[in-house]
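Engineer: Got a structure for you, questions after.
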Amino acid sequence: MDQVLQYEIPVLHPIAVHFPIALLVGAAIVAAVWLVRGTGFWRNSLAIISVMGALGAAFAYFTGEAMEEASEGNPIVEEIGEFHETLGLITLIVTLVATIGVGVVAWTGSRRGMQTDPMVVRLIVFALVAAAAVLVLITGHAGGVMVWGVAR
């Protein structure tokens with residue numbers, strides 16, 4: 001155990017990125033169930049997981065700058081880093097829009113005591129949440145290439 005305590009993790013980005021990936025993919029799954037079932041339980045579950053995913057996405061995005069600075073001079077980071085950062089920003093924006101949409105639907109549905117939500121609302125929210133999930137996977141893949149990629 002002493003060996004582990006002799007080291008530190010200088011940047012948080014590699015740790016932070018796993019949360020939005022897991023949470024936003026999970027949100028897409030919950031959104032798909034809500035799309036089919038339409039009940040308040042799944043709507044509220046989606047709201048909770050979406051907020052956590054958005055917070056995770058923001059944390060990952062804002063810790064990326066320190067990771068970029070720590071990786072300066074690495075050829076693959078120089079080549080893909082800007083693309084990864086742009087994808088991260090787009091992912092964060094789409095995630096925030098989806099989360100706001102989920103929050104508005106959840107708040108409105110709860111206030112009105114709605115047991116089920118209209119299909120058109122569920123479809124729109126599902127599309128936004130699914131887009132965020134796809135974007136986080138693409139962004140994560142670009143980050144993974146920077147860390148683990150080798151030239152063909």
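Rule-based calculations on the coordinates, nothing more; no lab input. What you are looking at is a predicted structure, and each value in this text was computed from that prediction instead of being measured. All Cβ positions, glycine included, derive from the backbone under ideal geometry; neighbour counts span all protein chains shown.
Engineer: Translational diffusion coefficient of the chain at 4 °C, 1.567 mPa s, Stokes-Einstein with Kirkwood Rh over Cα pairs, in µm²/s as a whole number. List each step's numbers first, then the result.
Structural biologist: On the way: Rh = 16.5 Å.
The calculation lands on 78 µm²/s.
Engineer: Using only DSSP helix segments of four residues or longer, with each worth -39500 (n - 2.57), what per-residue ellipticity at 222 nm results for the chain after dividing by its residue count and rounding to 500? Please list the in-between numbers first.
Structural biologist: Values: 6 runs with 127 residues, N = 152.
It lands at -29000 deg cm²/dmol.
Engineer: Tell me the relative contact order for the chain as a rounded percent, counting alpha carbon contacts under 8 Å between residues six or more apart. Don't skip to the end; give the middle numbers.
Structural biologist: On the way: 167 pairs, mean separation 53.0, N = 152.
For the chain, the relative contact order is 35 percent.
Engineer: Now for a separate question. Return, ordered by residue number, the residues of segment 122-152 whose backbone nitrogen is under 15 Å from a label point located 7 Å along Cα→Cβ of Glu79.
Structural biologist: 142-152
Engineer: Is there a quick way to get the dipole size of the chain? I mean about its Cα centre, with the Cβ of Lys and Arg at +1 and of Asp and Glu at -1; what is the value in debye to the nearest 20?
Structural biologist: Working: 6 positive and 11 negative charges, 267 e Å.
That gives the chain a dipole magnitude of about 1280 debye.
Engineer: Per 0.36 nm of contour for each residue apart, how much would the distance between Ala32 and Leu89 grow if the chain were fully extended, relative to their Cα-Cα spacing?
Structural biologist: Details: separation 57, 0.36 × 57 = 20.52 nm, distance 2.45 nm.
Using 0.36 nm per residue and subtracting the Cα-Cα distance, I get 18.1 nm.
Engineer: What distance in nm separates the two pseudo spin-label positions at Thr116 and Ile138, each 7 Å out from Cα along the beta-carbon direction?
Structural biologist: My value for the distance between the label points is 3.4 nm.
Engineer: Can you tell me the length gained on complete extension of the stretch Thr39 to Phe62, counting 0.36 nm per residue apart and subtracting the Cα distance? Kindly include the intermediate steps, with their values, before the conclusion.
Structural biologist: On the way: separation 23, 0.36 × 23 = 8.28 nm, distance 3.47 nm.
Going from the current span to full extension adds 4.8 nm.
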